[in-house]
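A short write-up of the structure that comes next.
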Amino acid sequence: MSIPELEPGSTWFPDPESAVLDPNGLLAWGGDLSPARLEAAYRTGIFPWYSIGQPILWWSPDPRMVLFPDELHISRSMRRCLNSGRFRVTLNQDFQSVIEGCAAPRSYADDTWIIPSMQAAYRDLHAMGLAHSVECWKGDQLVGGLYGIGLGRLFFGESMFSRATNASKTVFVLFVQHLQRNGFRLMDCQLPNEHLSSLGAREIPRTRFLELLGVHQHDPVSSDVFARQELRWVTPSPSS
């Protein structure tokens, strides 16, 4: 089966259910990273993922890794960390530094898929109010963060980074609590990840993911949800 090539200047995508099984979820290649194309991709359950030297590759894997906010799991050791007040977490206060942190080399990989063209594209989405960052601070030093796309009551996580033990988990927990308080239905985590599994993320069939996407991407959301603010740790009830 051949993979369809996308034309620049269009926002058309193939049906996500037509993605190939190997590699899992590869749907199309080519096109561009314009804001209109990227928004159309997320609204259709598709995301870009490729490396330097490759064409733009578009994916919609099956199954899909997601987190339902009310299934967030916080371990006892993580609760102790959060109760200590070691870190401060903010929303949308330094998108540029967060995406640069996510693009930086990792100990387990020599390259990154968040290449300069991707960074520029998501900065454009941030300027439009579609892409958002969450920052973790130790004093005045940025030690972790995540960024992604918000559509309706759905958040599509793109990447996260950590420069201090538990920094990325702190960002994730406080942000998911924030989403839960504001009625969000789902955080898309895209692909299986042990780190996110430990926090409650799980796989669901692509068909179910697309159903939820269709229902909730146009849900009304308060303008305050992604306003610049500090996020506070709220201790869950004993039964949580």
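The values are calculated or read from the model by the stated rules, or taken from the named source; none is laboratory data. These numbers come from a predicted model, not from an experiment. We place every Cβ from the backbone using ideal geometry, glycine too, and count neighbours over all the protein chains shown. The protein model used for the area step is the full one, side chains on, heavy atoms only, and it has no ligands, DNA or RNA in it. Shrake-Rupley method; radii C 1.70, N 1.55, O 1.52, S 1.80 Å.
With a Förster radius of 45 Å, plug the Cβ-Cβ distance of A227 and W12 into 1/(1 + (r/R0)^6) and report the FRET value to the nearest 0.05. Working from the Cβ atoms, E equals 0.85.
Evaluated at q = 0.19, 0.23 Å⁻¹, the base-10 log of the normalised Debye intensity for region 113-185, with identical point scatterers placed on the Cα atoms, takes the values -0.84, -1.10.
So, with +1 on the Cβ of K and R and -1 on the Cβ of D and E, and no other charges, what is the size of the charge dipole of the chain about its Cα centre, to the nearest 20 debye? Mind dumping the intermediate values first?
Details: 21 positive and 25 negative charges, 247 e Å.
For the chain, the charge dipole is close to 1180 debye.
Per residue, the solvent-accessible area of region 103-240 (1.4 Å probe, heavy atoms of protein chains only, all protein chains present) comes to 47 Å².
Quick check for me: using +1 on Lys/Arg Cβ and -1 on Asp/Glu Cβ, what's the dipole size of region 132-204 about its Cα centre, in debye to the nearest 20?
Numbers: 7 positive and 6 negative charges, 45 e Å.
The calculation lands at about 220 debye.
Once the C-beta distance of V234 and E194 is scaled by a Förster radius of 25 Å, the resulting FRET efficiency is 0.45 to the nearest 0.05. Looking at region 46-99, the accessible area is 44 square angstrom per residue; that uses a 1.4 Å probe and ignores ligands, DNA and RNA. Heavy-atom surface analysis with a 1.4 Å probe gives region 4-119 a carbon and sulfur content of 52 percent of its accessible area.
Nearest 10 degrees, 0 to 90: what angle lies between the long axis of helix 167-181 and the longest principal axis of the chain (Cα atoms)? So the helix axis and the longest Cα principal axis differ by about 80 degrees. In this view, the solvent-accessible surface of V234, computed with a 1.4 Å probe and all protein chains in place, comes to about 70 Å².
With θ taken as phi - 60° and the Karplus curve 6.51 cos²θ - 1.76 cosθ + 1.60 applied, the whole-hertz 3J(HN,Hα) list for region 6-19 is 9, 8, x, x, 10, 10, 6, 9, x, 4, x, 5, 8, 4 Hz, x standing for glycine and proline. At full extension, L21 and S117 could sit 31.8 nm farther apart than now, given 0.36 nm per residue minus the alpha carbon distance. Dividing the convex hull volume of the alpha-carbon atoms in region 37-88 by its residue count gives 188 Å³ per residue.
What value, in deg cm²/dmol to 500, does the helix sum -39500 (n - 2.57) over DSSP H runs of n ≥ 4 give at 222 nm once divided by the residues of the chain?
Theoretical 222 nm ellipticity from helices: -8500 deg cm²/dmol.
For region 127-142, list residues with backbone N below 20 Å from a point placed 7 Å from the Cα of R86 toward its Cβ? From region 127-142, the list is 134-142.
Starting from the Cα gyration tensor of region 90-231, multiply each eigenvalue by 5, take the square root, and state the resulting semi-axes largest first in whole Å.
23, 18, 16
The Cα atoms of region 66-135 cover 40, 32, 26 Å along the three principal axes, with the biggest extent listed first. Of the residues L146, L21, T165, the one whose Cα sits farthest toward the positive end of the charge dipole of the chain, with +1 on the Cβ of Lys and Arg and -1 on the Cβ of Asp and Glu, is T165. What is the mean projected area of the alpha carbon convex hull for the chain, to one decimal in square nanometres? Seen from a random direction, the Cα hull of the chain projects 12.9 nm² on average.
Assuming R0 = 35 Å, what is the FRET efficiency of T207 and D140, from their Cβ-Cβ distance, to the nearest 0.05?
On the way: r = 46 Å, r/R0 = 1.32.
It comes out at approximately 0.15.
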